[in-house]
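J.: Before I ask anything, let me first share the structure, which is written out below as C-alpha cells.
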C-alpha cells in the first residue's frame, strides 16, 4: 500500500507540475520558469536534509544522482518548452512513453531479459506515439510541430536517465541525500547556463508564487518516487508514476479546451497503456 500511495502521489504531483510549467512557459520565459522552480525545489530538499540531520554519504555513492539531476533538468526544460508550443494532450504521453522505455533499454544492455509484457508495452507505446502525433490537416489544433515532437523526445531521454540514475543512487545513499545531490547538480548546471547565456528573465514578482509552486510540486514528486524506489518495489511505483500524463491531459482538456481527433485520442490511450505495461513488466 505504501508503494501504491507513493506512485500515485508521484503521478499527481508531476502531472500538475507539468501542466503549470507548460502554462507559465507560454506567458513567461523558460529561463524564468526554470530558475525559480528549480531553485525552489533545491531549497526545499536542502531544508529537509538539514532538519533531518541525516549522515552524509560518500561522494561516490551519490555519483549516479548527480548525473540523474542533470538529465532531469534537461528533460524538464525540453518538456516545458514543448508543452508551451504544442498540444499538451499529445506531448505529455510521448515524453512518458519514451521515459518508461529507457530503463528497459538500459536493462537489456546490462544483461536483463524483460518478459513478453514489457516488449508488448514498448510496441504499444511506439504505436500510440505514432497515432498521437498524426493529425489530419483539417483538424482545428493542427499537426504537432517538429520542434514540439523533438523536444518531447529529448524530455523522454532526460526523464529516462533520471529514473535509471536515481534507482542506482538510492541503492548506495540515503534517499534524501541522493535527491539533494541530484538537485544540486541540476542547480549548478542551470546557474552556469543562465550566467553564460544571460537570458532575460522578465518574471514579475506576482508570478513568483506560481513558479515556486511548480518547484514544490516537482520536488514532492521526486520525493515520492525516490522513497518508493527505496522500498524495492520499483515496478509498482514506476507503473503508477509513469501515468503522470493523465493529469496533464485532463487539465488541458478541462481548462484549455484541447480537443483531440479520434486518431489522436486512440494514440494517447494506447501510449498510456504501453507505459503501464512497460513499468508493470
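Any read-out appearing in this document is the output of simple, stated calculations on the displayed coordinates, not a laboratory observation. Keep in mind that this is a model prediction, so the values were computed, not measured. Cβ sites come from the backbone with ideal geometry, for glycine too, and all protein chains shown count toward neighbours.
J.: For a quick check: sort 229, 248 by the number of other beta carbons within 10 angstrom, fewest at the front. Each step should come with its number before you reach the end.
T.: Working: 229 24, 248 27.
Taking fewest neighbouring Cβ atoms as first place, the list is 229, 248.
J.: With a Förster radius of 25 Å, plug the Cβ-Cβ distance of residue 216 and residue 4 into 1/(1 + (r/R0)^6) and report the FRET value to the nearest 0.05. Walk me through the numbers on the way to the answer.
T.: Working: r = 23 Å, r/R0 = 0.91.
Efficiency, from the Cβ-Cβ distance: 0.65.
J.: Follow-up question, since we're still on this one. Roughly what would the spin-label model give for residue 188 and residue 110, points 7 Å off Cα along C-beta, in nm?
T.: In this crude label model, residue 188 to residue 110 measures out at 2.3 nm.
J.: Quickly rank 76-82, 104-110, 268-274 as a protection proxy: mean count of other C-beta atoms within 10 Å, highest first.
T.: 76-82, 268-274, 104-110
J.: Let me ask something additional. Relative contact order of region 2-280: what whole-number percent is it, with Cα pairs under 8 angstrom and at least 6 residues apart?
T.: Numbers: 488 pairs, mean separation 120.3, N = 279.
That works out to 43 percent.
J.: Identify which of the listed values of Cα extents along the principal axes in Å was calculated from the structure shown: (i) 59, 50, 33; (ii) 75, 75, 34; (iii) 76, 55, 34.
T.: Recomputing Cα extents along the principal axes in Å here picks out (i).
J.: While we're looking at this one, here's another question. Given the DSSP H assignment, sum -39500 (n - 2.57) over each helix run of at least 4 residues in the chain and divide by its residue total; what's the result at 222 nm in deg cm²/dmol, nearest 500? Let's see the in-between values first.
T.: Details: 11 runs with 220 residues, N = 281.
So the calculated ellipticity at 222 nm is -27000 deg cm²/dmol.
J.: Also: May I ask you to sort 119, 176, 159 by Cβ crowding, counting other Cβ atoms within 10 Å and putting the fewest first?
T.: Numbers: 119 14, 176 19, 159 27.
Exposure proxy ranking, most exposed first: 119, 176, 159.
J.: Shifting gears a bit: Of the listed peptides 201-208, 29-36, 67-74, what is their order by residue-averaged count of other C-beta atoms within 10 Å, with the highest listed first? Intermediate values should be presented prior to the final figure.
T.: Details: 201-208: 11.5, 29-36: 21.8, 67-74: 24.1.
Going from most to least packed, we get 67-74, 29-36, 201-208.
J.: Between residue 29 and residue 262, with labels modelled 7 Å along Cα→Cβ, what's the label distance in nm to one decimal, could you check?
T.: That separation, rounded to one decimal, is 4.6 nm.
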